[in-house]
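Asks: Here it is, the structure, as structure tokens.
The values are calculated or read from the model by the stated rules, or taken from the named source; none is laboratory data. Since this is a predicted model, take the numbers as computed values, not measurements. Neighbour counts run over all protein chains shown; Cβ positions are idealised from the backbone, glycine included.
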Amino acid sequence: MSIGNLFKSEYLTHVSNYSGDYQTGVDYKKFDFVYYTGDGLFYYARQDAVDGAGIFIQDNNRLSLIPDGPMTSDGQSHYILDTFNLLDVPGAEIKVGHLLNIDGSTGNNDGIYKVVDVKSDVSSLNGNPDLNGSVINVLPVEGSFKNIEPAGPNELTVTAINAEPSDNTNVWAHDEFFFDADYGSTVNFRANNYKYEYGNGYYILQPKNINSLNIEVDLKFKNRTNRETNAIVHFLENHQGQHEQDVPSPNLRYSQGISGFQWDGDSTFHPYDNTEIQSKTFYCNDWTHDLNFENDNDISVKLRNLDTSILKKLDGLFVADIDEYSNSEYYEKNDIVYNVENKKFYYWYGDQSYAGKNPTATQTEWNRNYGYHLDVNTDCWSRKFFWKPSLTLSVSQKPRLNEIGMGAGYSQIYRDGINESLLTLELNFNNRDDAEARAILHFLEQHYGAIPFQFNPPAPYERLKNFVCQEWTHTYNYKNNHSISAKFEQYPIEMSASQVDNIITPIMPIAGELLCESPVQFSIQGIGEEIKIDDRVKKRMYAKNGGDETIDVDAMVFYNDNVEFSILTQNGNADISMIIQDDLIADDFIFTLPSDTSLPFDLANKTVRMSKSYTEGLAGGEIFTVVRPDGDRYLTDTYNGVANKFFQNNRGVITSMARSQLGMPDYFAYHPRFLVEQFIENNKTNKIPAGKTAYWCVVFEGENTDRFVGVSSVNQESGSLDDIVFVDEIDAEFYASSIPYDQGYGSLLAISNSSVYKIVESLVNIYISS
Amino acid sequence: MSDPLLRFEDGKISIGGKELFANSASLSIAPNLEVERVYGDFDQNILGAKTEFVKFAPTQGLRGQLEVSFFISAEQFTEGGNPNTISRLFEIAEGMSEQPINDNLVGRYKFDNMYLKSFSFDMSPFQIVRANASYDIYGSVEREIDRRFSKSEIDFAHSLKSFGGISASAGGQDDFEIASLKYNIVVNRKVHSHIRANEHTSINTRADGTVPVRVSVGSIEKEMTIESNEMVERLNVYGDQQKSTSPFGLSDSKIDAFLLSLQGERIARFSASGKIQSQSMNISEGQYAKGNITIKEIVK
């Protein structure tokens, strides 16, 4: 071997590569592995990889697709029937192992399928003499046959596809450990905790870090062929960092180490057969290979995972896919649910199956014993470890005592406080079915070796006690048969699960707190479109309830300074016109415009759907679509074939989007009424729920101000030509702005039952251009 | 209503679709169940926890055995003039297979997934040659309609015409008169089941349940024993007959058996070539001296 080759990953394993480099046009058997020169990586055949050999059938009135093939251990198989019975002619010689791509199906049957059997001259498929010809029995790889599709006029295409390693993950694996282990494989769990002891037997356990719960999967492969064994050992040897892009350094970045591999779905088993665990990274640096006979090998492989964060409890650490509690679901023993009310898992304890048994009832007052959520239906749901251990159990005790040595070999023994003999139980839960094993394993992992739980040991130790479990082992004995051994260590303080949850007093909820944005800037001097003194402009103004209780807004009062502001649709200070958009449903955005005949584009009495989106600024606004009812839904109305939509900007200009799109003149018109007014009237409220944001529309009523005099050409006092001059009602005073703008102010006082400030003031200002 | 008791004549026995003229067959199937008991609640009477029986839990798939004793006949084991189909049927010639023997029938019951463990036969004067085969079976059995064995002019292998011979390492076949002969071949198999291969719910739709993914063939050893008038003289520590001054370069000893029907039709030939494992000589009043010589061949 040359020095150059020594550093090529192709040669960095002990196991010989009998298949060599991947060759197009060569058939490979399951467990063959090849070096793919395209990317310099090794690939392992998950299944027989049969070269497509250019097989291509494209025809109509020839191929029938029949979903009802034999049920196999790999799932439902299907039939492709060649009614021409011509699968032995050149170009159509389909054989077992081929991957077929079916295209052009009208029965939703397109996809990729693996050939498991081919028969010619079949006279009666599935007992139906009308189904005769050559039959290809296939298993789905991607897609499935959803409908019977007799040979018909549509052109079906069947192509035997090549399984290039880099682009066919169904056939070739690179980083997925897909080897199917034997019964007897085990999974070992161990929690890494700090133990703080306080004397008198009291202690607490604290996870050392967020990745404190580690698993080691001990997979057994017995009686394996040399072909499979070679692939397994080569895979493991080949995942020791040979292919990492970064050069190892003493100062590794966190993500710079060995990237490991995935424990593939073809290898994971109950209850770890979930996408959560299949997306984790595993490593293996400990395996044993026994060469028993000429084609008989035993392999033991230890897979490790190092980065399962206990903060991801909700997703499941290793046992995943737990559904939320549903009131309509019937539950039975060992079912697990996630209760969204208190964010805890509950385990069905009862022997009977029921629906409508909530695990908790929400309480108005926090209580040390159960917080806000009292466990109810405790004859059904439990958070205790209720599973009964198998025979036999050995209990040994070694009480903690003090001993003082005296002269002449005399010793005196005396008591060392309380809790002198906490129990340690090595419990076995043997021969448990899938559901019970899953529930036990889920229960243990959710306590991640540090949270105590209640367990009633066998008599005479049967008093309900608290235990922690820092290590446990799961063995998959046989189908639907699992054994779990666990070490339970007694915890000296006796608490229920609810009490454990509520050791820490929660932060008490605060009353509603009204937070209004301030200042609200209608326009900015010298930036963007200008606002004229006689404009009528609206703008949304936002407020939020930052507390934990609903706020009632009792009054909104505008104290205007030198300009006139109002709140859209408000009729008196006590008329609150707030919208809580998050609380609205789709139908709330549909309303009928008033019968105001002055509305342009024949909009009077029209039913419209207002868009939820809103754009700020003078050119911004809302979109309205004219709709018409159709049963219990609304259909978009059209104008000359175009959706009849309107946009009203914040100045009040209504644009017919349909007319604009059709190139028609007069597609926009000003109207002093904002179309959104009816929406506000329909949905306005004076209540802001906790955490919610409210808005209302502030309108600059430039044309209505009676204090506006106009542009004076005379500098009456300090003003100069072209200044905007404001005077009060009796013209007694005037204010002159700097040229050419002036800033107007208003302040909005919102009066509420907010806990912090009953009255909140927001400054509203506007720059007005001459 | 159940079927009447099955008469022996109506109890067809076939292996791999091939009928056998059996004189006995024993079929057994059993699950492997473990008793699961747990600690129950406190009981005042015993002042401790009651033991609760929970269930029988399966620890392996269904496993059974078939022991069949049958007569070797020319009709059944000669096809197209080839007399050695018996070797092929029992895969002795090919050194056994990992493939299951399917399409088997014993009486009213058919089953698949059967694997040969051992095959043997005896030859003794004036006797029909009787063979025994032993199999492991995985999975369940299904009931079939009664199928009667179709009688024909059976021409059994008969010891009157069949013959055997032994050649010791350093001697010829003429040294021994064979009174009886036994042939036995044993295959050691290992079995395992994958987890994922059996996770699909369709497994539960059949009584068979999980069947092994692989029943591998391990060591194969065959042994032939003859009863004869002589022993092998000068047997050395290597199991060879050593008449020369060196124990090296000696040939293996060999026993051959040629099975012929009473009509003289050749049926099969069996042999074992290897080392002499044991021999003995018995002499008793009113009897001739009888020697026993056993030769073992390691096939694999």
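Asks: Considering only residues that are within 11 Å of chain B (Cβ to nearest Cβ), under 32 Å from the mean Cα position of the chain (by Cα) and either part of a strand (DSSP E or B) or free of Cβ contacts under 8 Å to residues at least 12 places away in the same chain (or both), which ones fall in segment A:262-318?
Replies: Matches in segment A:262-318: A:Thr268, A:Asp273.
Asks: Can we say A:Gly407 is away from chain B (no Cβ under 14 Å), free of Cβ contacts under 8 Å to residues at least 40 places away in the same chain and small (Gly, Ala, Ser)?
Replies: Working: away from chain B (no Cβ under 14 Å): yes; free of Cβ contacts under 8 Å to residues at least 40 places away in the same chain: yes; small (Gly, Ala, Ser): yes.
In short, yes.
Asks: What tally of residues in segment A:69-85 results from selecting those that are more than 14 Å from every other protein chain (Cβ to nearest Cβ) and either at pLDDT below 85 or surrounded by fewer than 17 Cβ atoms within 10 Å (Cβ to Cβ) (or both)? Before you say what the answer is, go through the steps one by one.
Replies: Filtering segment A:69-85 for residues more than 14 Å from every other protein chain (Cβ to nearest Cβ) gives A:78-85.
Retained after the next criterion (residues that are either at pLDDT below 85 or surrounded by fewer than 17 Cβ atoms within 10 Å (Cβ to Cβ) (or both)): A:84-85.
Matching residues across segment A:69-85 total 2.
Asks: Could I ask something else about it? Being at pLDDT below 80, crowded, with 16+ Cβ neighbours inside 10 Å and outside any loop (DSSP other than H, G, I, E, B): is that true of B:Gly164 here?
Replies: On the way: at pLDDT below 80: yes; crowded, with 16+ Cβ neighbours inside 10 Å: yes; outside any loop (DSSP other than H, G, I, E, B): yes.
For B:Gly164, the condition - at pLDDT below 80, crowded, with 16+ Cβ neighbours inside 10 Å and outside any loop (DSSP other than H, G, I, E, B) - is met.
Asks: List the strands (runs of 3 or more DSSP E) inside segment A:547-609, counting only whole elements, that have at least 3 residues being in contact with a Gly (Cβ under 6 Å, 6 or more places away or on another chain). Lay out the reasoning, then the answer.
Replies: Working: elements: A:551-560, A:565-567, A:590-592.
Correct list: A:551-560.
Asks: Enumerate the pairs (first residue in segment A:661-674 and surrounded by 12 or more Cβ atoms within 10 Å (Cβ to Cβ); second residue anywhere and of a type in the set (Lys, Arg) and in a strand (DSSP E or B)) with beta-carbon separation below 7 Å, excluding pairs fewer than 6 apart on the same chain, so at least 6 apart or on different chains.
Replies: These pairs meet every condition: A:Phe674/A:Lys538.
Asks: Condition (residue is more than 14 Å from chain B (Cβ to nearest Cβ) and polar (S, T, N, Q)) applied to segment A:425-444: is it met by at least one residue? Reasoning before the result, please.
Replies: Within segment A:425-444, the first condition is being more than 14 Å from chain B (Cβ to nearest Cβ), and the residues that meet it are A:439, A:441-444.
Filter again for polar (S, T, N, Q), leaving none.
No: segment A:425-444 contains no residue that is more than 14 Å from chain B (Cβ to nearest Cβ) and polar (S, T, N, Q).
This table checks each residue for (1) more than 9 Å from chain A (Cβ to nearest Cβ); (2) at pLDDT 80 or above.
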site: B:Ala168; (1), (2): yes, no
site: B:Ile178; (1), (2): yes, yes
site: B:Arg196; (1), (2): no, yes
site: B:Glu199; (1), (2): no, yes
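Asks: Go through segment B:221-268 and count every residue that is under 30 Å from B:Pro125 (Cβ atoms) and not charged (D, E, K, R). It would help to see each step written out before you state the result.
Replies: Applying the first criterion (under 30 Å from B:Pro125 (Cβ atoms)) to segment B:221-268 yields B:221-235, B:239-241, B:251-268.
Imposing the further condition that a residue be not charged (D, E, K, R) reduces the set to B:224-226, B:228-229, B:231-232, B:235, B:239, B:241, B:251, B:253, B:255, B:257-264, B:267-268.
Matching residues across segment B:221-268 total 23.
Asks: Could you tell me whether A:Thr378 is of a type in the set (Val, Ile, Thr) and in contact with a strand residue (DSSP E or B) (Cβ under 9 Å, 6 or more places away or on another chain)?
Replies: Numbers: of a type in the set (Val, Ile, Thr): yes; in contact with a strand residue (DSSP E or B) (Cβ under 9 Å, 6 or more places away or on another chain): no.
The answer is no for A:Thr378.
Asks: Quick check on my filter: what residues within segment A:597-641 are closer than 17 Å to A:Arg651 by Cβ and in contact with a helix residue (DSSP H, G or I) (Cβ under 6 Å, 6 or more places away or on another chain)?
Replies: Correct list: A:Glu622 only.
Asks: Taking segment A:426-453 as the search range and keeping residues that are in contact with a helix residue (DSSP H, G or I) (Cβ under 8 Å, 6 or more places away or on another chain) and not aromatic (Phe, Trp, Tyr), which one is surrounded by the fewest Cβ atoms within 10 Å (Cβ to Cβ)? Can you show your working first?
Replies: Kept after step one, since they are in contact with a helix residue (DSSP H, G or I) (Cβ under 8 Å, 6 or more places away or on another chain), are these residues of segment A:426-453: A:429, A:432, A:448, A:451-453.
Adding the requirement that they be not aromatic (Phe, Trp, Tyr) leaves A:432, A:451-452.
Values: A:Arg432: 27, A:Ile451: 17, A:Pro452: 23.
Step by step, filter segment A:426-453, then rank; the result is A:Ile451.
Asks: Here's a follow-up. Sort out which residues of segment A:321-352 are of a type in the set (Ser, Thr, Tyr) and either in contact with a Ser or Thr (Cβ under 8 Å, 6 or more places away or on another chain) or under 26 Å from A:Asp273 (Cα atoms) (or both), and write them in order of number. Don't jump to the end; show me each part of the working.
Replies: Applying the first criterion (of a type in the set (Ser, Thr, Tyr)) to segment A:321-352 yields A:325-326, A:328, A:330-331, A:338, A:346-347, A:349.
Residues satisfying the conditions are A:Tyr325, A:Ser326, A:Tyr330, A:Tyr331, A:Tyr338, A:Tyr346, A:Tyr347, A:Tyr349.
Asks: Return the total of residues in segment A:380-417 being under 19 Å from A:Asp335 (Cα atoms) and part of a loop (DSSP other than H, G, I, E, B). Steps first, answer last, please.
Replies: Here is the first cut: in segment A:380-417, the ones under 19 Å from A:Asp335 (Cα atoms) are A:380-389.
Of the ones still in play, those that are also part of a loop (DSSP other than H, G, I, E, B) are A:380, A:383-384, A:386-389.
Matching residues across segment A:380-417 total 7.
Asks: Could you tell me which of the residues A:Glu462, A:Glu426, A:Glu420, A:Glu494 is on the phi < 0 side of the Ramachandran plot and outside any loop (DSSP other than H, G, I, E, B)? Spell out how you get there, then give the answer.
Replies: On the way: A:Glu462 fails: outside any loop (DSSP other than H, G, I, E, B); A:Glu420 fails: outside any loop (DSSP other than H, G, I, E, B); A:Glu494 fails: outside any loop (DSSP other than H, G, I, E, B).
A:Glu426 is the lone residue from the list that is on the phi < 0 side of the Ramachandran plot and outside any loop (DSSP other than H, G, I, E, B).
Asks: Still on this model: Within segment A:654-676, can you find the residues that are small (Gly, Ala, Ser) and either part of a loop (DSSP other than H, G, I, E, B) or touching a Lys or Arg at 6+ places or on another chain (Cβ under 7 Å) (or both)?
Replies: Initial filter on segment A:654-676 (small (Gly, Ala, Ser)): A:656, A:658, A:660, A:663, A:669.
Those that are small (Gly, Ala, Ser) and either part of a loop (DSSP other than H, G, I, E, B) or touching a Lys or Arg at 6+ places or on another chain (Cβ under 7 Å) (or both): A:Ala658, A:Gly663.
Asks: Here is a check on your reading of the model: is B:Met96 within 14 Å of chain A (Cβ to nearest Cβ), modelled with pLDDT under 90 and surrounded by 13 or more Cβ atoms within 10 Å (Cβ to Cβ)?
Replies: On the way: within 14 Å of chain A (Cβ to nearest Cβ): yes; modelled with pLDDT under 90: yes; surrounded by 13 or more Cβ atoms within 10 Å (Cβ to Cβ): yes.
Here the answer is yes, as B:Met96 does meet what is asked.
Asks: Within segment B:274-287, is there a residue that is touching a residue at least 60 places away in the same chain (Cβ under 8 Å), surrounded by fewer than 18 Cβ atoms within 10 Å (Cβ to Cβ) and not hydrophobic (A, V, I, L, M, F, W, C)? Before you say what the answer is, go through the steps one by one.
Replies: Quick first cut of segment B:274-287, residues touching a residue at least 60 places away in the same chain (Cβ under 8 Å) only: B:276.
Among the residues that remain, those that are also surrounded by fewer than 18 Cβ atoms within 10 Å (Cβ to Cβ) are: none.
The answer is no, given that none of the residues of segment B:274-287 is touching a residue at least 60 places away in the same chain (Cβ under 8 Å), surrounded by fewer than 18 Cβ atoms within 10 Å (Cβ to Cβ) and not hydrophobic (A, V, I, L, M, F, W, C).
Asks: As an exercise: evaluate A:Ile484 against (1) away from chain B (no Cβ under 14 Å); (2) surrounded by 17 or more Cβ atoms within 10 Å (Cβ to Cβ); (3) among the aliphatic types (A, V, I, L, M) and give the number of the one condition it does not meet.
Replies: Exception for A:Ile484: condition (1).
Asks: Take the conditions within 14 Å of another protein chain (Cβ to nearest Cβ), within 30 Å of A:Asp266 (Cβ to Cβ) and at pLDDT below 85 and apply them to B:Ser216. Does it pass? Before you say what the answer is, go through the steps one by one.
Replies: Details: within 14 Å of another protein chain (Cβ to nearest Cβ): yes; within 30 Å of A:Asp266 (Cβ to Cβ): yes; at pLDDT below 85: no.
It is false that B:Ser216 is within 14 Å of another protein chain (Cβ to nearest Cβ), within 30 Å of A:Asp266 (Cβ to Cβ) and at pLDDT below 85.
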